[in-house]
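See below for the structure under consideration.
The values are calculated or read from the model by the stated rules, or taken from the named source; none is laboratory data. Everything numeric in this text was worked out from a predicted model, so none of it was measured. Here the Cβ is made from the backbone with ideal geometry for all residues, glycine too, and neighbour counts use every protein chain on show.
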Amino acid sequence: MKKLLLFAAFCFVGSLFAEEAKAAMSYKDYPVSYLQLGIWYNFPRSQMESNTVGIKSGWPMCAGTGSVTGLEASWLGSLTQHIDGAQLGWTVCYCYDLKGLQATLITCINTDHLTGLQASPVFNMAGDVTGVQASSVNVARNFTGFQPAAILNVADDFKGFQAAPIMNIADNVDGMQASLLNKAKKVGFQLGLLNMATDGFQIGLLNFMDNAWLPCFPLVNFTCGK
């Protein structure tokens, strides 16, 4: 499920931005503006290849392969690739890398690295995260920090605290998972109704652990000397 969600989401975003991504390698050489207004994706064209130090705003949408140092805020979508500050939008925010805040009422998407906070009521997707990712459904690659969800969390290697009422999924967890259903390989601590792991410590109604003395045990299960 985890790899399928990541693959589908990245393919969707990649299809929209594949052409512009080629130019992103030289975005630091783009001209600088202090106020940038966008009307739609690729209109006006000047917003696509510029760096904004100050405010970039979409009426209803703005985008670009450059950067925003400051604030990007739009009625519909904020889609600039490199953000140092805050990226806000009513429906969707998209970026390549971000340091700061990415927040919207529906969907936040980050494709490479996010340091800070990614928040939306419906769906978050990010590359490598250092910070907090909060939504109904959160999907990320490598994660360091706190990942709270109203339904489901998905990550690769995880350091920190992963919490959801329904399900947490991760590979190696250096920290804690808490949910009705927790699934990982190596894990520090799992707390839930049903826990599944290869190594670690579990508290729950049923605990499945491949390398424990008993592969399935109620209430508490753990590995020794691993």
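When residues in region 112-131 are screened for being within 13 Å of K99 (Cα to Cα) and either among the aromatic types (F, W, Y) or at pLDDT below 95 (or both), 0 of them pass.
Could you list, in sequence order, all residues of region 84-96 that are buried (at least 19 other Cβ atoms within 10 Å of the Cβ) and either farther than 15 Å from A119 by Cα or among the small types (G, A, S) (or both)?
Keep residues of region 84-96 that are buried (at least 19 other Cβ atoms within 10 Å of the Cβ), which gives 85-87, 89, 92-96.
Of everything in region 84-96, those that are buried (at least 19 other Cβ atoms within 10 Å of the Cβ) and either farther than 15 Å from A119 by Cα or among the small types (G, A, S) (or both) turn out to be G85, A86, G89, Y96.
Return yes when I151 is free of Cβ contacts under 8 Å to residues at least 24 places away in the same chain and assigned by TED's automatic domain parsing to the domain that holds K186 and no when it is not.
Against the criterion (free of Cβ contacts under 8 Å to residues at least 24 places away in the same chain and assigned by TED's automatic domain parsing to the domain that holds K186), I151 qualifies.
Taken together, the criteria place Y30 among residues that are touching a helix residue (DSSP H, G or I) at 6+ places or on another chain (Cβ under 8 Å) and modelled with pLDDT under 95.
Checked against the criteria, K183 counts as crowded, with 18+ Cβ neighbours inside 10 Å, among the basic types (K, R) and either under 13 Å from the mean Cα position of the chain (by Cα) or not assigned by TED's automatic domain parsing to the domain that holds L117 (or both).
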